[in-house]
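Read the structure below first, then the notes.
The values are calculated or read from the model by the stated rules, or taken from the named source; none is laboratory data. None of these values were measured; they are calculated from a predicted model. Positions of Cβ are generated from backbone atoms using ideal geometry, with glycine treated the same way; all protein chains shown enter the neighbour counts.
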Amino acid sequence: MKIIMLGAPGAGKGTQAKMLADKFEIPHISTGDIFRANIKNGTELGQKAKTYMDQGLLVPDELVCDLVVDRVKQDDCSKGYILDGFPRTIPQAESLDAALAEIDSKIDFAVNVEVPDENIVNRMSGRRACVACGATYHTVHIPTKVEGICDRCGKDLILREDDKPETVTKRLNVYHEQTQPLIEYYTKKDSLVEVDGTKDMNEVFDAIVEILGK
Ligand code: AP5
């Protein structure tokens, strides 16, 4: 199954993508995680991406498209994959479709996780992320057993640089301008499905699984 997660920053795409990847035993490919790993490792790609990410802007398409297209052609993606954070612009979606058409493949579902803007800033300021294993938590909704420590790997949690309220507002504006048009794009391709992302994360997960099973 080839799935794209759509939704505003902080809508819960990453949370759901990880759960779906575990259930369907397919890779979870997050472009945000790929960039953050590159930043942590001090690569040239990471340095370039950081200048955009810290301002709440999108990394230019040319730095993203080839990276994802190469990744989905790897052997572990033969049964399917979940793309989280890609595509984020119409040109990214077109480049993905063109690359998949070359290998006689296509996206099965674009899952839009809907959360109103007013819920987002609160979610982001409460998010804590583990830079070691990528797990995410929320100080109120999804707390860790020990404050500030990852349940999964025991390392320290951080507040992401781009989760500060002023940057979140910028990211939301960028989302509405550049990423929201993808909803219409995938509706026209008959692959869009929508879930209410304001519900508890397990309810959101069950709703997605039910839709995908149909
Ligand atoms: P990226 O890492 O993809 O960030 P994003 O899309 O802004 O999404 P987030 O990771 O912030 O949120 P999410 O929807 O995954 O929510 P989460 O599950 O964590 O990208 C970061 C940056 O990289 C971009 O700004 C851009 O610069 C660059 N970039 C990445 N891809 C790119 C591309 N394709 N093109 C160009 N640039 C690109 O949940 C949020 C919080 O809410 C967490 O604390 C979570 O625990 C909590 N939560 C989740 N679900 C629920 C629930 N149901 N109820 C209550 N709390 C919940």
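Residues of the stretch 90-122 that are part of a helix (DSSP H, G or I), surrounded by 14 or more Cβ atoms within 10 Å (Cβ to Cβ) and among the hydrophobic types (A, V, I, L, M, F, W, C): Ile90, Ala93, Leu96, Ala99, Leu100, Ile120, Val121. Filtering the stretch 180-203 to residues that are within 15 Å of the ligand (Cβ to nearest atom) and part of a strand (DSSP E or B) leaves Glu194, Val195, Asp196. More than 17 Å from the chain's Cα centre (by Cα), loosely packed, with under 14 Cβ neighbours inside 10 Å and among the hydrophobic types (A, V, I, L, M, F, W, C): does that describe Ile211? Here the answer is yes, as Ile211 does meet what is asked. Screening Ser125 against (1) buried (at least 19 other Cβ atoms within 10 Å of the Cβ); (2) over 25 Å from Thr89 (Cβ atoms); (3) of a type in the set (Gly, Ala, Ser); (4) touching a helix residue (DSSP H, G or I) at 6+ places or on another chain (Cβ under 8 Å) leaves a single unmet condition, (1).
Checked against the criterion of being without any contact (Cβ under 8 Å) to a residue 12 or more places away in the chain, in a loop (DSSP other than H, G, I, E, B) and among the small types (Gly, Ala, Ser), the candidates Gly154, Gly134 yield just one match: Gly154.
Working carefully through the options Asp84, Asp33, Asp75, find the one that is farther than 23 Å from Val115 by Cα and acidic (Asp, Glu). So that I can check it myself, show each step before the final result.
Details: Asp84 fails: farther than 23 Å from Val115 by Cα; Asp33 fails: farther than 23 Å from Val115 by Cα.
Selected residue: Asp75, the only one of Asp84, Asp33, Asp75 that is farther than 23 Å from Val115 by Cα and acidic (Asp, Glu).
Condition check ((1) in contact with a Leu (Cβ under 9 Å, 6 or more places away or on another chain); (2) at pLDDT below 95; (3) within 12 Å of the ligand (Cβ to nearest atom)) across all residues:
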{"residue": "Val72", "(1), (2), (3)": "yes, yes, no"}
{"residue": "Lys79", "(1), (2), (3)": "no, yes, no"}
{"residue": "Ile82", "(1), (2), (3)": "yes, no, yes"}
{"residue": "Asp117", "(1), (2), (3)": "yes, yes, no"}
{"residue": "Arg127", "(1), (2), (3)": "yes, yes, yes"}
{"residue": "Val140", "(1), (2), (3)": "no, yes, yes"}
{"residue": "Lys145", "(1), (2), (3)": "no, no, no"}
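For the stretch 21-52, the tally of residues that are of a type in the set (A, V, I, L, M, F, W, C) and crowded, with 21+ Cβ neighbours inside 10 Å stands at 3.
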